[in-house]
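*Asks:* Mind having a look at this structure? Questions to follow.
Derivation of every value follows stated rules applied to the coordinates shown; laboratory data play no part. Worth saying up front: this structure is predicted, and the values here are computed from it rather than measured. Glycine also receives a Cβ, built like all others from the backbone with ideal geometry; neighbour counts cover every protein chain displayed.
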Amino acid sequence: MATKPPKGDPVQDAPQVSRPQHAAAGIPAIGHTLRVAQRQMGVRRTALTLLSVNQKDGFDCPGCAWPEGDHRHKAEFCENGAKAVAEEATLRRVTPEFFAAHSVTDLAGRSGYWLGQQGRLTHPVYLPEGGEHYEPVTWERAFDIVAEEIAALDSPDEAVFYTSGRTSNEAAFLYQLFARELGTNNLPDCSNMCHESSGSALSETIGVGKGSVLLEDLYRSDLIIVAGQNPGTNHPRMLSALEKAKANGARIISVNPLPEAGLERFKNPQTPKGLAAGASLTDLFLQIRLGGDQALFRLLNKLILQTEGAVDEAFVEEHTHGYEEFAEAARAADWDETLAATGLTRAEIEAALRMVLASKRTIVCWAMGLTQHKHAVPTIREVVNFLLLRGNIGRPGAGVCPVRGHSNVQGDRTMGIFERPAPAFLDALEREFGFAAPREHGYDVVRAIRALRDGDAKVFFAMGGNFVSASPDTEVTEAAMRRARLSVHVSTKLNRSHAVTGARALILPTLGRTERDLQGGGEQFVTVEDSMGMVHASRGRLEPASRQLLSEPAIVCRLARRVIGEESRTPWEEFEKDYATIRDRIGRVVPGFEDFNARVAHPGGFALPHAPRDERRFPTTTGKANFTAAPVEFPELPEGRLLLQTLRSHDQYNTTIYGLDDRYRGIRNGRRVVLVNPEDARRLDVADGSYVDLVSEWRDGVERRAPGFRVVHYPTARGCAAAYYPETNVLVPLDATADTSNTPASKSVVVRLEQSATD
Ligand SMILES: Nc1nc2c(c(=O)[nH]1)N[C@H]1C(S)=C(S)[C@@H](COP(=O)(O)OP(=O)(O)OC[C@H]3O[C@@H](n4cnc5c(=O)[nH]c(N)nc54)[C@H](O)[C@@H]3O)O[C@H]1N2
Ligand SMILES: Nc1nc2c(c(=O)[nH]1)N[C@H]1C(S)=C(S)[C@@H](COP(=O)(O)OP(=O)(O)OC[C@H]3O[C@@H](n4cnc5c(=O)[nH]c(N)nc54)[C@H](O)[C@@H]3O)O[C@H]1N2
Ligand SMILES: [Mo]
């Protein structure tokens with residue numbers, strides 16, 4: 001089973017628990033960073049590499065999508081960015097000899113941590129049908145195998161092309177072009193599991209599925225609400241921005257079931273002031289119950305409506321639609337229901353209201369705490385209602401700020417990685433490349449898993465990522481993947497998706513961000529788009545991990561030539577040689593990228609247009625910003641159960657585990673822990689330090705169990721629990737997804753705790 005570290009795995013999960021910390025990113029963080037980095041890269045390489053992260057002529061940090069400031073420090077990296085870099089720039093190698101020594105069965109029995117620790121993939125390798133070991137294969141043969149299996153399909157819709165969010169704009173653009181020339185829109189991506197709910201809610205309400213603020217807006221804001229996000233771990237550079245905002249007078253409300261260290265206090269290692277003082281970031285902490293946010297914002301909206309002069313009537317009149325219906329729904333908001341849904345007190349909500357009313361420029365930031373619930377889309381729409389009411393969109397210092405995850409996940413979507421592309425995008429693609437693009441919607445992640453499970457999809461191709469570990473319902477997903485005829489992974493590092501495969505499997509090793517990309521036309525750079533719609537160049541400096549590696553754009557070009565061949569009029573060869581020629585085409589297809597090559601040459605890059613932000617123009621179906629009025633929902637919790645959120649520790653990047661510690665939360669040397677409020681623990685009779693199985697309860701009656709979690713009494717909101725992803729993905733039912741966006745509801749899994757059977 002996927003859920004327990006196997007006996008042979010030297011990684012022993014033995015959690016030790018101490019008190020959580022109340023401050024993030026101080027001096028210990030830097031010392032820790034260097035130690036982690038040096039273990040992977042050695043001292044000299046560590047210094048060279050970390051110095052070129054996020055510099056104007058360096059590479060974009062593969063950590064998160066938080067934007068770089070204008071004034072880049074010589075050390076514009078954070079602890080976790082450095083870990084992400086070290087993971088890629090490691091000197092360890094996974095060679096053909098490694099695969100000769102370890103069978104796939106052996107690999108399938110290892111923990112994700114162990115797999116990742118083996119180092120960088122160096123050669124293309126192939127697992128033949130019935131084979132026990134991956135064997136080296138030439139690139140030509142690898143592409144032949146993909147072509148064979150695609151040719152054997154009844155329809156191109158039996159192939160699925162997944163993308164993770166590190167892929168560059170250039171590679172992403174080519175990849176979607178290839179899939180569409182082949183004839184399918186089956187382009188699921190990690191965004192389907194991530195910010196899809198934000199995209200759905202924002203495109204419907206403001207007409208653009210992206211955030212409406214730039215970094216400068218944060219600095220000019222007077223209230224920033226951070227809801228459902230843990231920046232101290234997942235976007236550490238955001239803490240510097242919040243610190244600066246505070247210095248300029250902003251106040252901060254954090255809304256979270258957990259008291260996260262970074263939001264409590266922040267010791268900025270990059271400013272002497274921060275070093276000395278250790279700023280307290282949060283002015284008001286609302287310890288909300290999981291899934292209570294829609295109710296909270298709905299009630300705040302009612303209270304705003306009830307306050308004389310609080311609504312920006314001119315804005316509402318001129319720029320919005322649906323106000324009356326929304327106001328009626330908001331007026332019906334109920335205190336008792338809200339207090340039950342949120343677990344907050346009346347006084348706390350009134351304190352928040354005072355801060356909201358005192359603010360002329362409000363920003364709401366959020367991440368997975370809002371997007372991964374059944375009612376995620378109406379929750380984010382309610383946030384939009386909240387901002388619209390006081391004219392907080394399209395005004396400096398105000399707006400929506402969904403904080404993206406993967407460093408280019410936003411850019412990939414802009415480049416057309418989407419299973420439901422806009423007709424205008426396909427029209428432009430057809431005009432530019434002279435082919436008929438498929439119009440039928442493709443599979444998102446959840447639908448792709450069902451298609452594999454049901455035999456409707458037979459070839460699975462992944463541009464990065466770790467599909468089987470990142471996806472919900474691990475056992476269902478793994479069984480589905482094993483039914484594929486062929487699974488192919490373009491990867492930098494070994495992961496579980498290489499061990500749980502289709503009948504035949506390929507691993508295609510690729511260059512990472514940090515590495516020099518030399519092609520026929522000379523040294524290449526690529527481009528990325530950050531969370532705030534800034535596009536800039538990224539140029540690797542290090543020698544590639546192996547001479548066998550191909551870049552992602554080169555892999556797509558060769559694949560397309562082999563699979564589509566003469567039928568394609570696209571100049572794949574030219575694209576491979578010179579990425580500037582790809583950017584020329586992007587400039588002609590994707591709005592906002594006109595004159596791409598010239599503009600990206602500008603140091604720091606350029607900002608993509610955003611109609612609501614730039615001109616208060618809302619390109620929605622009504623031509624206005626839409627208020628919405630969904631019924632309030634919040635998760636129901638049967639007696640004796642807890643609501644489990646699955647989240648990240650401080651020592652992981654999604655399914656990549658850097659180490660077994662979660663320093664800020666006081667957890668060391670183990671990941672199989674479940675954080676439970678002490679009151680709930682008493683009620684459920686689970687002692688701190690005891691071991692339980694987490695058993696998820698879902699309406700299909702199937703038992704989903706994650707065995708052997710150490711109980712940690714922890715100050716989370718009542719009725720709620722937390723445990724790490726991906727160990728708990730086995731508990732998330734495939735069908736438990738957000739309405740509209742179909743994002744797995746990974747932050748609200750109903751579980752019961754059962755005393756673990758002792759071995
Ligand atoms: N170092 C590091 N950086 C990363 C990543 C990583 O794994 N490691 N992952 C990247 C990716 S892909 C992403 S998407 C982002 C993820 O960034 P986050 O969204 O910060 O990641 P999570 O760990 O899932 O944390 C969710 C947070 O929301 C809170 N929360 C959960 N449910 C609710 C709720 O119902 N309401 C409210 N108000 N709060 C809630 C949790 O307590 C937690 O603080 O980070 C990116 N950056
Ligand atoms: N239960 C639960 N499940 C979740 C989440 C959750 O909060 N809870 N979060 C969801 C979210 S927000 C996301 S974004 C997904 C993440 O899903 P994915 O993006 O699929 O997963 P990652 O773990 O980020 O992928 C790591 C792998 O990417 C490869 N890789 C790294 N860099 C590169 C590169 O430059 N090029 C290529 N080709 N490959 C590279 C490496 O081989 C590495 O093993 O997981 C989702 N799953
Ligand atoms: Mo994500």
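*Asks:* Compute the distance from the alpha-carbon center of the range 307-372 to that of the range 450-488, in whole Å.
*Replies:* Result: 41 Å between the Cα centres.
*Asks:* Would the range 294-358 count as rounded, prolate or oblate if I go by the C-alpha gyration tensor, calling it rounded below 1.5 in a/c and otherwise prolate when a/b exceeds b/c, oblate otherwise? Spell out each step's value before the answer.
*Replies:* On the way: a/c = 2.79, a/b = 1.57, b/c = 1.78.
Oblate.
*Asks:* Rounded if a/c is under 1.5, else prolate if a/b is larger than b/c, else oblate: which is the range 562-626, with a ≥ b ≥ c the root eigenvalues of its Cα gyration tensor?
*Replies:* Verdict is oblate for the range 562-626.
*Asks:* Further, regarding this structure: Go through Lys210/Lys374; Lys493/Lys747; Lys83/Lys374; Lys374/Lys493; Lys210/Lys624; Lys458/Lys577 and tell me which ones have a Cα-Cα distance over 24 Å in this structure.
*Replies:* Lys493/Lys747; Lys83/Lys374; Lys374/Lys493; Lys458/Lys577
*Asks:* What is the list of residues in the range 576-619 whose amide nitrogen lies under 13 Å from a point 7 angstrom out from the Cα of Arg439, following Cα to Cβ?
*Replies:* The answer is none, because no backbone nitrogen lies closer than 13 Å to the label point.
*Asks:* Moving on to the next point. Using +1 on the beta carbon of Lys and Arg, -1 on that of Asp and Glu, and nothing else charged, what's the dipole of the chain about the Cα centre, debye to 20?
*Replies:* Here the size comes out at about 2280 debye.
*Asks:* What's the longest piece of the chain with no exposed GluC sites (Glu not before Pro), counting a site as exposed if DSSP puts it in a loop and it has at most 13 other beta carbons within 10 Å? Don't skip to the answer; put the middle values down first.
*Replies:* Values: sites that count: Glu129, Glu132, Glu308, Glu440, Glu594, Glu636, Glu639, Glu703.
Excluding the exposed sites themselves, the longest stretch runs over 133-307.
*Asks:* Right, here's the next one. Ratio of Rg to Rh for the range 667-715, alpha carbon only, Kirkwood?
*Replies:* On the way: Rg = 11.9 Å, Rh = 11.7 Å.
Value, to two decimals: 1.02.
*Asks:* To continue, here is another question. Per DSSP H run of n ≥ 4, the term is -39500 (n - 2.57); total these for the chain, divide by its residue number, and report the mean residue ellipticity at 222 nm rounded to 500 deg cm²/dmol. Numbers along the way, then the final one.
*Replies:* Values: 32 runs with 275 residues, N = 759.
Value at 222 nm, helices only, nearest 500: -10000 deg cm²/dmol.
*Asks:* Of the DSSP beta bridges with both residues in the chain, give the percent that are antiparallel, rounding to the nearest 5.
*Replies:* Details: 38 of 90 bridges.
Just about 40 percent of them are antiparallel.
*Asks:* Amide H to amide H under 5 Å from Asp517: which residues, 5+ apart in sequence or cross-chain, H placed 1.01 Å off N in plane?
*Replies:* Close amide H contacts, sequence-distant or interchain: Gln524, Gly540.
*Asks:* In addition: Just to be sure I understand the curve: with the Debye formula and one point per C-alpha of the range 323-449, what is log10 I(q)/I(0) at q = 0.12, 0.19, 0.21 Å⁻¹?
*Replies:* Calculated log10 I(q)/I(0) at the listed q: -0.71, -1.25, -1.37.
*Asks:* Report, please, the projected area of the chain averaged over directions, based on the convex hull of its C-alpha atoms, in nm². Could the numbers behind the result be given before it?
*Replies:* Values: hull surface 117.0 nm².
Here the figure is 29.2 nm², rounded to one decimal.
*Asks:* Average projected area of the Cα convex hull of the range 460-580, in nm²?
*Replies:* Details: hull surface 37.4 nm².
Convex hull of Cα atoms, orientation-averaged projection: 9.4 nm².
*Asks:* Restricting attention to the range 640-724, which trypsin sites (Lys or Arg not before Pro) occupy a DSSP loop and are surrounded by at most 10 other Cβ atoms within 10 Å? Don't skip to the answer; put the middle values down first.
*Replies:* Details: sites: Arg641, Arg648, Arg663, Arg665, Arg668, Arg671, Arg672, Arg682, Arg683, Arg699, Arg704, Arg705, Arg710, Arg718; in loops: Arg641, Arg648, Arg671, Arg672, Arg699, Arg718.
Within the range 640-724, the qualifying trypsin sites (Lys or Arg not before Pro) (loop, at most 10 other Cβ atoms within 10 Å) are Arg699.
*Asks:* For Lys267, list the aspartates and glutamates whose Cα falls under 14 Å from its own Cα; do not include residues on the same chain fewer than 8 positions away.
*Replies:* Filter leaves Glu79, Glu243.
*Asks:* Shifting gears a bit: In whole Hz, what ³J(HN,Hα) sequence does the range 156-166 give by Karplus (6.51, -1.76, 1.60; θ = phi - 60°), x for Gly and Pro?
*Replies:* Ordered by residue, 3J(HN,Hα) equals x, 6, 8, 10, 10, 10, 7, 9, 9, x, 9 Hz.
*Asks:* Please state, rounded to one decimal and in Å, the Kirkwood hydrodynamic radius that the range 196-403 gives when every pair of distinct Cα atoms enters the mean of 1/r.
*Replies:* On the way: mean 1/r = 0.0586 Å⁻¹.
Evaluated over the range 196-403, this radius sits at 17.1 Å.
*Asks:* Could you work out the equivalent-ellipsoid semi-axes for the range 85-212, taking the square root of 5 times each eigenvalue of the Cα gyration tensor, largest first, in whole Å? Intermediate results must be reported in sequence, preceding the final value.
*Replies:* Values: eigenvalues 210, 101, 38 Å².
Equivalent ellipsoid of the range 85-212: 32, 23, 14 Å, largest first.
*Asks:* What are the residues whose amide H is under 5 Å from the amide H of Tyr658, where those residues sit 5 or more places off or on another chain and H is modelled from the backbone?
*Replies:* Gln652, Tyr653
*Asks:* Rounded to the nearest 5, what % of DSSP beta bridges with both residues in the range 196-403 are antiparallel? Before the final figure, lay out the partial values.
*Replies:* Working: 2 of 19 bridges.
Close to 10 percent.
*Asks:* Follow-up question, since we're still on this one. Could you line up Thr646, Thr581, Thr46 from fewest to most neighbouring Cβ atoms inside 10 Å? Walk me through the numbers on the way to the answer.
*Replies:* On the way: Thr646 26, Thr581 15, Thr46 22.
Least crowded to most crowded, the residues run Thr581, Thr46, Thr646.
*Asks:* What are the ³J(HN,Hα) couplings of the range 125-130, residue after residue, when phi is run through the Karplus curve with 6.51, -1.76, 1.60 and θ = phi - 60°? Round to Hz, x for glycine and proline.
*Replies:* Taking θ as phi minus 60°, the curve returns 9, 10, 10, x, 4, x Hz for the range 125-130.
*Asks:* To continue, here is another question. Among Met534, Ala484, Ala437, which residue has its Cα furthest toward the positive end of the charge dipole of the range 414-573, with +1 on Lys/Arg Cβ and -1 on Asp/Glu Cβ?
*Replies:* Ala484
*Asks:* If pairing requires two Cys Cβ atoms under 4.7 Å apart, which cysteines of the chain are left without a partner?
*Replies:* Cys61, Cys64, Cys78, Cys190, Cys194, Cys557, Cys720
*Asks:* Looking at the square roots a ≥ b ≥ c of the eigenvalues of the Cα gyration tensor of the range 428-521, which shape do they give, rounded for a/c under 1.5, prolate if a/b is larger than b/c, or oblate? Walk me through the intermediate numbers first.
*Replies:* Numbers: a/c = 2.22, a/b = 1.15, b/c = 1.94.
Oblate is the answer for the range 428-521, as a/c is 1.5 or above yet b/c matches or exceeds a/b.
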